[in-house]
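Visitor: Please read through the structure below; I'll follow up with questions.
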């Protein structure tokens, strides 16, 4: 039976070109007071404090030294900085390579270890990139592998974002056969962790139950959508609002009243037939 590390390594090897993390970085800042001979933890701490002060180039240099010495938090932060153009020029391919390195270098068989959060985030980031591809790079759209990456992060790490994205892919048949019932189970797990997107989409599916072949739960569905809309950020509200307005428009007055009562109390009615997937 393939081990946990073996599964993640196989995913990483199949995703795209495997290149080293340290290449293509910015030139060293001669004025930065970074001691490259310091230990990885000291360098990470130095970089973290510099980042908090807004000294991002100095932070980058310290984090890069720490990453070269194997500090997983430093590697992860470098990947995020490249992905977001935070203090460095945005470079999704550099971010991809760093996240890939994090996945390849982890050595635990169960996922229950101190670096699990970094590895989980890296796996999800790789899935995101494989889902959309990276322009002008060897990383092309690969929906089946994106779905596989999300599954690993969702199942081994219980990552809420991965559970949500896996649910969406299963619902829409992206990267493989559609399975609405399984989609609902993964969305339910993510919603239980407070993921507003999962809460909204699951609420929409539960409202009439047809798509996921379950009995309708209109009160629960409308309450979930309304609570998700209330809690969501601006970007999520753009797609949640039309779903909430659609269900509200066809709901009976009694359903609206009951749903609003749950929203006012910030609680949900008891769950129906959605069966939780194993975490």
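Nothing in this text is a laboratory measurement; each read-out follows from the coordinates by a stated rule. Not measured: the values here are computed from a predicted model. With ideal geometry, Cβ positions are generated from the backbone for all residues, glycine too; neighbour counts draw on all protein chains shown.
Visitor: Go through region 220-258 and give me each residue that's more than 29 Å from the chain's Cα centre (by Cα) and assigned to a helix (DSSP H, G or I).
Guide: 248, 249, 250, 253, 254, 255, 256, 257, 258
Visitor: For region 182-197, which positions are over 16 Å from residue 231 (Cβ atoms) and surrounded by fewer than 18 Cβ atoms within 10 Å (Cβ to Cβ)?
Guide: Across region 182-197, the qualifying residue is only 182.
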